[in-house]
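*Asks:* Below: one structure in structure tokens.
The values are calculated or read from the model by the stated rules, or taken from the named source; none is laboratory data. What you see is a predicted model; the values in this text were computed from it and never measured. Every residue, glycine among them, receives a Cβ derived from its backbone with ideal geometry; neighbour counts consider all protein chains shown.
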Ligand SMILES: Cc1ncc(COP(=O)(O)O)c(C=O)c1O
């Protein structure tokens, strides 16, 4: 039995004909840039995220860059964001000329720890970028309260969490701007790169639209220096088809997460399962959309149990991934910021322990039973080794 970490071919086998039809219709239509597919997709995404406006862009990284530019964040400004995230979040801050200020996480949620926020705020702080990591919303009530108190902007990195809810509200609509990635592996993935921004502000919406297309409101009249970051018509056509499935895919991911919880609970003291009290109490006001099902494997006697387990799962045909093995504060790319590993101890710890297991709508309970049984036997074997 082979269970890869993700199997996009399987998804295509199920919905491929509708996607192929949408692509062919677009190709035959002859309109390839900022046409009806993009307009429709933007309307659909705004609705899906309970926001007034959405703007399609080339990828999620550009969405973050454009969000920062739209809020006039640049040279001399500081932006607080987690170290335990994908590099794009901090790259965007760097690329607009601002300084990333890394905040540690809560090990139980993998998201930024709001208790640490105020100590990092300086007169130069302009914004906070919480990341809804693995599909779990950050604590937006506490974050927004602090942001309002200190007059800071909030940009939600919603790359991994489209469709998630916090206190009944969709992620991406709490802050000034939400940024989504439709990278192919995301819960709503394009067949290439794509991204979007969401906002409730008409003013920001207009600025974002201008920035994505060379700073123009009127063709060939450039109000400011912008980007070429347009979502293309073919990707928008594909995403419009896939969006029809997103709610059912999210529900399936939730069901799979519950199954993992049942199968893996209590199997070993060395295995820590992801926290999701909301899902388990059937409270639909707070939903985790399970972009990743990420467990922690405790490091024991200086042996990295996680790496050993990942190797042994691979030997049994089971894919797993480490998101992310090195937190950003100790990455070479950000060494100029002079952080030490111990400055963010929780980010450091989880980077050594996390392992994401296969979770995608095409999986069956029997696949999860195979993964869980393998993990159980590997842990029994490894406990005697480490
Ligand atoms: C948390 C996070 N932020 C930003 C991005 C960047 O998105 P993209 O790859 O579409 O540029 C990603 C996607 O990989 C991500 O996971």
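*Asks:* Which one of these is touching a strand residue (DSSP E or B) at 6+ places or on another chain (Cβ under 6 Å), within 22 Å of residue 84 (Cα to Cα) and free of Cβ contacts under 8 Å to residues at least 60 places away in the same chain: 164, 159, 147?
*Replies:* Testing whether each residue is touching a strand residue (DSSP E or B) at 6+ places or on another chain (Cβ under 6 Å), within 22 Å of residue 84 (Cα to Cα) and free of Cβ contacts under 8 Å to residues at least 60 places away in the same chain leaves just 147.
*Asks:* On to the next question. Among 154, 101, which is the only one that is touching a strand residue (DSSP E or B) at 6+ places or on another chain (Cβ under 8 Å) and within 23 Å of residue 343 (Cα to Cα)?
*Replies:* That would be 101, the only listed residue that is touching a strand residue (DSSP E or B) at 6+ places or on another chain (Cβ under 8 Å) and within 23 Å of residue 343 (Cα to Cα).
*Asks:* Continuing with this model, one more query. Output the residues belonging to the stretch 184-201 that are more than 16 Å from the ligand (Cβ to nearest atom) and part of a strand (DSSP E or B).
*Replies:* Of everything in the stretch 184-201, just one residue is more than 16 Å from the ligand (Cβ to nearest atom) and part of a strand (DSSP E or B), namely 199.
*Asks:* Quickly run through the stretch 322-379 and pick out the residues that are part of a loop (DSSP other than H, G, I, E, B) and closer than 26 Å to residue 303 by Cα.
*Replies:* 322, 323, 324, 325, 326, 327, 331, 339, 340, 344, 358
*Asks:* Let me ask something else. Quick one: in the stretch 115-135, which of the residues that are part of a helix (DSSP H, G or I) and buried (at least 20 other Cβ atoms within 10 Å of the Cβ) is farthest from the ligand (Cβ to nearest atom)?
*Replies:* 117
*Asks:* Residues being within 13 Å of the ligand (Cβ to nearest atom) and either over 11 Å from the mean Cα position of the chain (by Cα) or over 26 Å from residue 12 (Cα atoms) (or both): count how many of those fall in the stretch 146-161. Working first, answer last.
*Replies:* Residues of the stretch 146-161 that are within 13 Å of the ligand (Cβ to nearest atom), as a first pass: 155-161.
Okay, now just the ones that are also either over 11 Å from the mean Cα position of the chain (by Cα) or over 26 Å from residue 12 (Cα atoms) (or both), so 155-157.
Looking only at that region, the number is 3.
*Asks:* Of 224, 233, which residue is outside the structural domain of residue 366 (by TED's automatic domain parsing), more than 16 Å from the ligand (Cβ to nearest atom) and surrounded by 15 or more Cβ atoms within 10 Å (Cβ to Cβ)?
*Replies:* 233
*Asks:* A further question on this structure: Check whether at least one residue in the stretch 306-321 is assigned to a loop (DSSP other than H, G, I, E, B) and touching a strand residue (DSSP E or B) at 6+ places or on another chain (Cβ under 6 Å), and report yes or no.
*Replies:* yes
*Asks:* Residue by residue through the stretch 162-183, note down the ones that are crowded, with 21+ Cβ neighbours inside 10 Å, near the ligand (Cβ under 9 Å from one of its atoms) and assigned to a loop (DSSP other than H, G, I, E, B).
*Replies:* 182
*Asks:* Hey, another quick one. If residue 111 meets every condition in (1) without any contact (Cβ under 8 Å) to a residue 60 or more places away in the chain; (2) within 19 Å of residue 293 (Cα to Cα); (3) more than 16 Å from the ligand (Cβ to nearest atom) apart from one, which number is that one?
*Replies:* (3)
*Asks:* Given the options 204, 211, name the one that is away from the ligand (no atom under 12 Å from the Cβ), part of a helix (DSSP H, G or I) and crowded, with 24+ Cβ neighbours inside 10 Å.
*Replies:* 211
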